[in-house]
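Peer 1: Input: one structure, supplied below.
The values are calculated or read from the model by the stated rules, or taken from the named source; none is laboratory data. Predicted model, so just to flag it, every value in this text is computed and none were measured. Note: ideal-geometry Cβ built from the backbone for every residue, glycine included; neighbour counts use all protein chains shown.
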Amino acid sequence: MGKRRRVAEQRKAKARPAVLGGVIAVVVGGVGLGAYALAGGGSADAQATTRKAVRTGPLTAAEVHKASTRFLTAWQQGRTAQASAATDDPAAAAAQLGTVLKDAHLQDVSLTPGAATGAKVPFSVKATVAYQNLNKPLAYQSSLTVVRRKTDGEPVVGWQAAVVQPDLKDGDALVTGESGTPPVTALDRDGGELTAAKYPSLGAVLDGLREKYGKTAGGKAGIELRVVRGKDSSKAGLSDKTLVELSQGTPGTVRTTLSPKMQAEAEEQVGRKPRASVVVLRASTGEILAVANTAHGFNVGFQGSLAPGSTMKIVTSTMLFEKKLVTPDASHPCPKTYKLAGWTFHNDADSEIKKGSFKQSFGASCNNAFINFAPKLSDSDLTKEAQEVYGLGMDNWSIGVPSFDGSVPVQSGAQMGASLIGQGGVRMNPLNMASVAATVRSGVFHQPFLVSPDVDHRTLAKAARTMSKKTQAQLQEVMQFTAAYGTAAKAMAGLGPDYGAKTGSAEVDNQKKPNGWFSAYKGDLAAAGVCEAGGHGGDTAGPIVAALLKTGA
């Protein structure tokens, strides 16, 4: 009986479900298939049937809500590891959030999401900045975007530093403590104080002035929460930015060359366009009288890097005149199309000038009247002209705040031809093109500056050579013709006769309308502007520049 009972019990045990690691597997024919697959064994087919499929397709509202809530809740509670894991780049997120937790000295952080628009979720941030015995409230708006994680399609937050604070770029940090540089009080040329509240475009300029002159202007540092720029941001010319001032430092004083009248007018003019920038100079000295941008973050006027379109034909014409390849009144047709190194170049609206002078082609901004000189030029001719006569592309301007000095790289073939009309690899900003107009007006390159070199004894850049008086006269002739009868005539009406201008339209990939450019001078004033995605320069940037020339007249 004992032996029979043991056999029966063994049979009964075999019939019970087997428990492996907490997972119940039904035994069929003596083999637990479910448990075998979950335990990691079995065939490739068995594994494939249990592998989770990668999610695809548009995100649902529920997925966006869940992913954003998970991230914001963890961040608010100071659970950096969990918040970072809720993003598509946990390592970068952990580094950024960890720095904030350690160095920003924020307390009572409150994150409140707003209504999502698709996958984008705006949210408000409220906190207290507390350092030693000082504290002040902090409040700002930010946003995040939910994306599908590449590995499994799970909805997570698409990581970028700006999620934490909109002014942050990758590699930047939020730091509370004694400011690296004392504050400065910036003055205009008449002694009035310049503030971002009065002149919104000057926010980045004032930051740059503080960074450059804070330690030498006689001020004392205060305590503040600020964005400290990393290596990449510094290379891009971005300055540290103060977000909250816990205790005021003692500011030093820096006088600039800005004209309060011109600056106010510049702010008003760019405010009428969605994406406009303008710079005004005194041609005989290089003093910067105004700089304004519709967008108040990045200073396109000083630091932009955009193809200048046909305003570059001023530099190209200088080269052609100096090489004696053409004169203003020489017969020079502008064909509808021109082939160069496998490319076919077209004029705007497929226009052409069959019988006309070079001056007429300049005034009409007819592209192929310039590109058809390419076979007579070397690859480096335009680069040398820009550097040696106009001081462009040498990376040596020192205007008092960060700036980009333009770029005219050596190119060959069709790209060289495109450079002649301000496309290809040529890059400029309104500061550069205002300087070009100023050089034509004065005959000599004067490096633009916002702060006099007498303040810090810095050396201003100089051009290698000066254009001849004959070349200057020829340039003024074609620019005056353009201002009186050409594509700039409508904008420059009533400003003559001591004036000159050049319009430009620069094509940009995947952009419906070109960037509209305008470069001009009137008397001792020179100015240039750009309206990004605005269309033809004569209709967009032209009125802005002309209004400023009238203001200073």
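Peer 1: Could you grab me the full set of residues in region 76-89 that are in contact with a Gly (Cβ under 8 Å, 6 or more places away or on another chain) and part of a helix (DSSP H, G or I)?
Peer 2: THR80
A quick yes/no check of all residues on (1) in the same structural domain as THR216 (by TED's automatic domain parsing); (2) over 17 Å from GLY237 (Cβ atoms); (3) not in a loop (DSSP other than H, G, I, E, B):
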residue: PRO409; (1), (2), (3): no, yes, no
residue: GLY422; (1), (2), (3): no, yes, no
residue: LEU431; (1), (2), (3): no, no, yes
residue: VAL455; (1), (2), (3): no, yes, yes
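Peer 1: Also, quick follow-up: If the requirement is being of a type in the set (Lys, Arg) and in contact (Cβ under 8 Å) with a residue 40 or more places away in the chain, which of these qualifies: LYS215, LYS235, LYS169?
Peer 2: LYS169
Peer 1: Give me a count of the residues in region 513-545 that are touching a Gly at 6+ places or on another chain (Cβ under 6 Å) and buried (at least 24 other Cβ atoms within 10 Å of the Cβ). Step through it out loud before you land on a result.
Peer 2: Restricting attention to region 513-545, the residues satisfying the condition of being touching a Gly at 6+ places or on another chain (Cβ under 6 Å) are 513, 516-518, 521, 525, 531, 534-537, 540-541, 544-545.
From what is left, the residues that are buried (at least 24 other Cβ atoms within 10 Å of the Cβ) are 516-518, 521, 525, 531, 537, 540-541, 544-545.
Qualifying residue count, region 513-545: 11.
Peer 1: Exactly one of (1) surrounded by 24 or more Cβ atoms within 10 Å (Cβ to Cβ); (2) out of contact with any His (no Cβ under 8 Å at 6 or more places or on another chain) is unmet by THR503. Its number?
Peer 2: Here THR503 clears every test but (2).
Peer 1: Within region 518-544, can you find the residues that are closer than 15 Å to THR294 by Cβ and of a type in the set (A, V, I, L, M, F, W, C)?
Peer 2: Correct list: VAL530, CYS531, ALA533, ALA541, ILE544.
Peer 1: Related question: Give me the pairs, please: first residue somewhere in region 68-92 and closer than 17 Å to PRO155 by Cα, second residue anywhere and buried (at least 16 other Cβ atoms within 10 Å of the Cβ) and of a type in the set (Phe, Trp, Tyr), beta-carbon distance under 7 Å, and either six or more positions apart or on two chains.
Peer 2: Every condition considered, the pairs that remain are LEU72/PHE123; ALA83/PHE71; ALA83/TRP75; ALA86/PHE71; THR87/PHE71; THR87/TRP159; ASP88/TRP159; ASP89/TRP159.
Peer 1: Scanning region 215-244 for residues that are basic (Lys, Arg) and closer than 22 Å to ARG255 by Cβ, which turns out nearest to the chain's Cα centre (by Cα)?
Peer 2: Among residues in region 215-244 that are basic (Lys, Arg) and closer than 22 Å to ARG255 by Cβ, the one nearest to the chain's Cα centre (by Cα) is LYS215.
Peer 1: Another one. Within region 467-484, how many residues are part of a helix (DSSP H, G or I) and buried (at least 18 other Cβ atoms within 10 Å of the Cβ)?
Peer 2: 12
Peer 1: Still on this model: Please name all residue pairs, on different chains or six or more residues apart, with Cβ atoms under 7 Å, provided the first residue is in region 483-500 and is closer than 14 Å to LYS359 by Cα and the second residue is assigned to a loop (DSSP other than H, G, I, E, B).
Peer 2: Sorted first by the residue in region 483-500, then by its partner, the pairs are ALA483/GLY496; ALA484/GLY496; THR487/SER365; THR487/GLY538; ALA488/GLY538.
Peer 1: Hey, another quick one. Scan (1) outside any loop (DSSP other than H, G, I, E, B); (2) exposed (fewer than 15 other Cβ atoms within 10 Å of the Cβ); (3) of a type in the set (S, T, N, Q) for the single condition THR56 breaks and write down its number.
Peer 2: (1)
Residues checked against (1) surrounded by fewer than 17 Cβ atoms within 10 Å (Cβ to Cβ); (2) of a type in the set (D, E, K, R); (3) assigned to a helix (DSSP H, G or I); (4) assigned by TED's automatic domain parsing to the domain that holds THR242:
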| position | (1), (2), (3), (4) |
| --- | --- |
| HIS65 | yes, no, yes, no |
| ARG70 | no, yes, yes, no |
| ALA74 | no, no, yes, no |
| ALA91 | yes, no, yes, no |
| LEU97 | no, no, yes, no |
| LEU101 | yes, no, yes, no |
| ASP108 | yes, yes, no, no |
| VAL121 | no, no, no, no |
| VAL125 | no, no, no, no |
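Peer 1: Could you please give the count of residues in region 208-222 that are closer than 22 Å to ASP103 by Cβ and crowded, with 22+ Cβ neighbours inside 10 Å?
Peer 2: Residues that pass the stated criteria total 2.
Peer 1: I would also like to ask the following. Report whether or not SER419 is within 23 Å of the chain's Cα centre (by Cα), hydroxyl-bearing (Ser, Thr, Tyr), buried (at least 24 other Cβ atoms within 10 Å of the Cβ) and over 18 Å from LEU340 (Cβ atoms). Give the derivation first.
Peer 2: Working: within 23 Å of the chain's Cα centre (by Cα): yes; hydroxyl-bearing (Ser, Thr, Tyr): yes; buried (at least 24 other Cβ atoms within 10 Å of the Cβ): yes; over 18 Å from LEU340 (Cβ atoms): no.
No; evaluated as a whole, the condition is false for this residue.
Peer 1: So in region 526-553, with the set limited to residues that are of a type in the set (Gly, Ala, Ser) and part of a helix (DSSP H, G or I), which one is modelled with the lowest pLDDT?
Peer 2: GLY552
Let's see how each residue does on (1) part of a helix (DSSP H, G or I); (2) touching a residue at least 12 places away in the same chain (Cβ under 8 Å); (3) more than 34 Å from the chain's Cα centre (by Cα):
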{"site": "ILE314", "(1), (2), (3)": "yes, yes, no"}
{"site": "SER317", "(1), (2), (3)": "yes, yes, no"}
{"site": "PRO328", "(1), (2), (3)": "no, yes, yes"}
{"site": "ALA369", "(1), (2), (3)": "yes, yes, no"}
{"site": "GLU385", "(1), (2), (3)": "yes, yes, no"}
{"site": "MET394", "(1), (2), (3)": "no, yes, no"}
{"site": "ILE399", "(1), (2), (3)": "no, yes, no"}
{"site": "PHE404", "(1), (2), (3)": "no, yes, no"}
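Peer 1: Restricting region 448-482 to residues that are of a type in the set (Gly, Ala, Ser) and more than 33 Å from the chain's Cα centre (by Cα), which is nearest to LYS384 (Cα to Cα)? Before the answer, list the steps.
Peer 2: As a first pass, look at region 448-482 and keep what is of a type in the set (Gly, Ala, Ser): 452, 461, 463-464, 468, 473.
This time we only want the ones that are more than 33 Å from the chain's Cα centre (by Cα), so: 468, 473.
On the way: SER468: 16, ALA473: 21 Å.
It comes out as SER468.
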